[in-house]
Structure formats: C-alpha cells, structure tokens
Amino acid sequence: TDAEGRLVLADAVVWADTTLNPAAIVDVATLTGSVGGALGNDYAGLFSRHDALADQLKTAGDATGETLWRLPLHPSYVRATSSTIADIKNSGDGGAGAGTGAHFIGYFARPETPWAHLDIANMAFGAANDVKPAGSAGYSVRLLERFVRDFQPVAKEKGTGGY
C-alpha cells in the first residue's frame with residue numbers, strides 16, 4: 001500500500017466518518033515494510049488514539065492468535081508530515097514510516113471518532129512461524145471477526161491515547 005495507498009485509505013476513512021457516523025473505524029492495510037523492522041514477524045502493528053478501542057482490538061488478537069503490538073502515534077509525526085503547500089503530506093520525513101503512515105490516515109478521522117489502524121504488512125505474507133502459516137493466509141480476518149462479535153461501543157470523545 002505505502003504512500004499511494006494512504007491516499008485511498010484517507011479517502012475511505014473521511015467518507016466513512018462523515019457519511020456513516022460509525023461507532024468506530026478500524027482500517028487494515030499492508031501499509032509499510034517498516035512495521036516489520038519494528039516488530040519482526042510476531043505481531044502486526046496497532047495504532048490508535050483511543051485506548052479503549054485499542055484494548056478491544058488487542059484482546060481480539062490475543063484470543064485468535066493474530067497478535068497485535070501497540071505502537072505510538074508520537075507528536076513528532078505531526079511535524080514529519082507537515083507541508084508548506086498542503087494540509088498534510090502522505091509520506092513523512094525521516095524514519096518511523098509505520099508511525100507517520102498511521103498518523104496520516106488518522107488525520108482524516110474526526111478526533112472524537114474511535115479510530116485504529118492495523119499495519120499487517122509484516123504478517124500478511126511470507127514464511128510460516130508460530131503465529132501464522134506460510135503465504136497469504138488472511139491475517140486479521142479472525143481478529144476482526146472476534147472484534148466485531150465482542151465490540152463494546154467506545155465513548156466518542158477526543159482520543160489522546162497513543163501519544
């Protein structure tokens with residue numbers, strides 16, 4: 001997905017948020033290779049400003065064996081994606097590609113909308129390990145099914161978690 005796919009995800013997030021008024025938004029993408037540099041092949045990356053939503057996703061991942069590790073949405077990602085000619089740019093300066101990619105997508109969700117991003121690039125393909133089979137095996141499908149089945153609405157308030 002990377003930088004070009006972020007534009008599509010951003011469009012989908014803003015459309016869903018403003019048109020559907022959802023209880024929560026969870027986007028899933030094979031967004032960055034850098035998430036694998038941070039987490040290897042044992043966890044997919046989880047980013048969220050809403051602690052309660054992140055906790056529910058982590059619980060679903062633990063229950064299904066599709067494990068998640070929460071990564072920060074650091075304030076420096078705002079600077080890394082700032083632009084002199086646009087509201088925000090889709091590719092950050094410097095490192096932390098998974099974090100700046102998640103920050104870019106989250107920019108398009110209203111601050112009060114519970115939102116989370118799962119970067120599964122490191123888990124979607126490749127060799128088998130204790131967490132996943134070889135090849136493309138639909139990583140996050142079981143996790144999302146469990147999450148939806150057990151979902152408890154999260155208060156719609158400006159999220160501050162992840163920072």
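The values are calculated or read from the model by the stated rules, or taken from the named source; none is laboratory data. Note that the coordinates shown come from a computational prediction; the quantities given were computed from them, not determined experimentally. Methodologically, a virtual Cβ is constructed for each residue, glycine included, from the backbone with ideal geometry; neighbour enumeration extends over all protein chains shown.
Descriptive notes on the structure:
- Only one of Thr113, Thr32 that is touching a strand residue (DSSP E or B) at 6+ places or on another chain (Cβ under 7 Å), crowded, with 17+ Cβ neighbours inside 10 Å, farther than 25 Å from Arg149 by Cβ and touching a residue at least 60 places away in the same chain (Cβ under 8 Å): Thr32
- Scanning region 113-146 for residues that are aromatic (Phe, Trp, Tyr) and out of contact with any Ser or Thr (no Cβ under 8 Å at 6 or more places or on another chain) returns a single hit, Tyr139.
- Within region 15-50, the residues that satisfy the criterion of being in a helix (DSSP H, G or I) and modelled with pLDDT under 95 are Ser34, Val35, Gly36, Gly37, Ala38, Leu39.
- Verdict on Tyr163 being at pLDDT below 75, of a type in the set (Ser, Thr, Tyr) and assigned to a loop (DSSP other than H, G, I, E, B): yes
- Of all the criteria given as (1) modelled with pLDDT under 90; (2) closer than 23 Å to Glu157 by Cα; (3) among the aliphatic types (A, V, I, L, M), the one not satisfied by Ala80 is (2).
- Listed conditions (1) touching a helix residue (DSSP H, G or I) at 6+ places or on another chain (Cβ under 7 Å); (2) at pLDDT 75 or above; (3) assigned to a loop (DSSP other than H, G, I, E, B); (4) over 22 Å from Ala12 (Cβ atoms) are all met by Arg142, apart from (3).
- For region 35-55, a residue qualifies if it is surrounded by 21 or more Cβ atoms within 10 Å (Cβ to Cβ), more than 20 Å from Gly138 (Cβ to Cβ) and of a type outside the set (Gly, Ala, Ser), and the qualifying residues are Phe47, Arg49, His50, Leu53.
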